[in-house]
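Remarks on the structure that follows.
The values are calculated or read from the model by the stated rules, or taken from the named source; none is laboratory data. Source: prediction; values computed, not measured. Please note: Cβ atoms are built from the backbone with ideal geometry, for glycine as well, and neighbour counts cover all protein chains shown. Side chains are part of the model used for accessible areas, which takes the heavy atoms of the whole protein and leaves out ligands, DNA and RNA. Shrake-Rupley method; radii C 1.70, N 1.55, O 1.52, S 1.80 Å.
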Amino acid sequence: MLPSPRIKGWCPGAWRPMATGDGLLVRVRPPMGELSRQQMLALCDAADTFGSGLIELTSRANFQLRGVSDDSWPLLMAFLVEHQLVSANPEAERQPQLMLAPHWQAGDDSPTIASLLQARGSELAAMPGKVGIAIDAGKAPVLSDSAADFRIERSIEGGLMVRCDGYALGTAVSDVEAVVEQLIRLTHWFVESGGWDTGRMRRHTAPLPDWAPADTAPAASGAKLALGSHPAGQVVGLPFGRATVATLRELVASTSVTAVQVTPWRRLLVKQKLVQGDVAPAVDGLIRHNSDPRLSIDACPGAPYCEQASVATQPLAERLSGLKNSSVHISGCAKGCARRSHADVCLVGEGGRFNLIVNGAADSTPVRTDLTESEALDLVRKLSESS
Ligand code: SF4
């Protein structure tokens, strides 16, 4: 028998969808952070047939479908399993989320470690649902600002290391097998030292064990994927992390597209075999230029999509997207799903009005409260002009 779909209050999945303001939210974790072209088209079909026709890309590099009804959810799950977008085993979704640094290629350490970790997934300790692992073993870490509790990175000397979130330094390990062994031990240490109470590694104050000294520096961080052409194809942005199935179908319509890799930056790496001189066609509804002003604004789905929200966020984000020199975060509530770091200006919904936070996160102390939408817009524009 299928489990009940109405579950709330933690990270949703596909087998454990979350009830939201516009129906069930079903989150799909692309295996190894990549979908083939056929899987991408199947995901579009799923969103079209069983959901609202919108697909979102989350800050943890997952896709999510919205607007799924209780009745259509079992049919959607059968479809997702058939197209290998979701494991047939609901228990697989209880394992920690693996986030791979994008632009990995077969034979790199990142996919090798991910495969080894998946094979030994049952040996990881059972941990709180939000705990995640960043596999970021390219030449330079690129996921340092993305949410993860344990990070596999390249050390400053070029070797592999494992770093616990919240620590500047980590532990050097000899090879990919040793990485996996160290991670498994760390998950058990985390749980045995109170991880279910603290919930996340960043809040976990228990001293690290002797066998996991924080004494090795990671390599300097690398840049996230720039928009536009890329040696593997092209990189496109989803405005505020969202696109319609029509847009995404057009993006992968050409059979020269082989796969799509997800990123935690609202960007997709479309792997495409282009003949020399060919340029990937521009698709309406996507961001293609690094100067696009929408890139400096983060906005969560807001009302009516999220039950926690008392204000609409994305129309306001569109209206503010011409602002220069300011990072802006618009959040439907103080949870701040769209951005965990500070923004120059943050508007947070409360009781149908907005609170204004300057240089802070959604849960920081506001400098102004109880603002109407037009008052909030005026204030943000003035702040931007004076910066
Ligand atoms: S920040 Fe609040 S309103 Fe926005 S998506 Fe998260 S829970 Fe919903």
Rounded, prolate or oblate: pick one for the chain, where a ≥ b ≥ c are the square roots of the eigenvalues of its C-alpha gyration tensor, a/c under 1.5 means rounded, and failing that, prolate if a/b is larger than b/c, else oblate. rounded
HN-Hα couplings for the range 357-373 via Karplus (6.51, -1.76, 1.60; θ = phi - 60°), in whole Hz with x for Gly/Pro, come out as 10, 10, 6, x, 9, 4, 9, 6, 6, x, 8, 9, 10, 6, 9, 6, 4
How high is the FRET efficiency from residue 217 to residue 318, r the C-beta distance, R0 51 Å, rounded to 0.05? 0.80
Ellipsoid equivalent to the range 293-386 - semi-axes via the Cα gyration tensor, in Å: 17, 13, 13
Measuring from label point to label point, each 7 Å out along Cα→Cβ, what is the residue 253 to residue 374 span in nm? 4.1 nm
Per residue, how many Å² of accessible area does the range 241-300 show with a 1.4 Å probe? 45 Å²
Need one number: % antiparallel among DSSP beta bridges in the range 104-203, to the nearest 5. 65 percent
Interchain or sequence-distant (5+) residues whose placed amide H lies within less than 5 Å of the amide H of residue 367 are 356, 357, 358
Residues residue 381 and residue 289, FRET efficiency given R0 of 25 Å [Cβ-Cβ distance, rounded to 0.05]: 0.65
Are there GluC sites (Glu not before Pro) in the range 60-169 that DSSP puts in a loop and that have at most 11 other Cβ atoms within 10 Å, and which ones? 157
Calculated from backbone phi, Karplus (6.51, -1.76, 1.60) coupling profile of the range 61-66 in Hz, x at Gly/Pro: 6, 10, 8, 9, 9, 10
Potential extension, residue 72-residue 202 segment - 0.36 nm per residue separation minus Cα distance: 43.0 nm
Which value, in Å², gives the accessible area per residue of the range 104-180 when a 1.4 Å probe is used on the protein heavy atoms? 38 Å²
Long-range amide H partners of residue 258 with built H, under 5 Å: 271, 272, 273
At R0 = 51 Å, FRET efficiency that the Cβ-Cβ distance of residue 279 and residue 118 yields, to 0.05: 0.90
Approximate spin-label separation residue 185-residue 45, in nm, with each point projected 7 Å along Cα-to-Cβ: 4.7 nm
What is the distance in Å between the Cα centres of the range 366-386 and the range 178-198? 44 Å
In order over the range 338-345: 3J(HN,Hα) from phi, Karplus 6.51/-1.76/1.60, θ = phi - 60°, whole Hz, x for each Gly or Pro, gives 7, 7, 9, 7, 5, 10, 4, 9
If we sort 282-290, 372-380, 127-135 on the protection proxy, mean other Cβ atoms within 10 Å, highest first, what's the order? 127-135, 372-380, 282-290
antiparallel share of DSSP beta bridges within the chain, to nearest 5, in %, is 75 percent
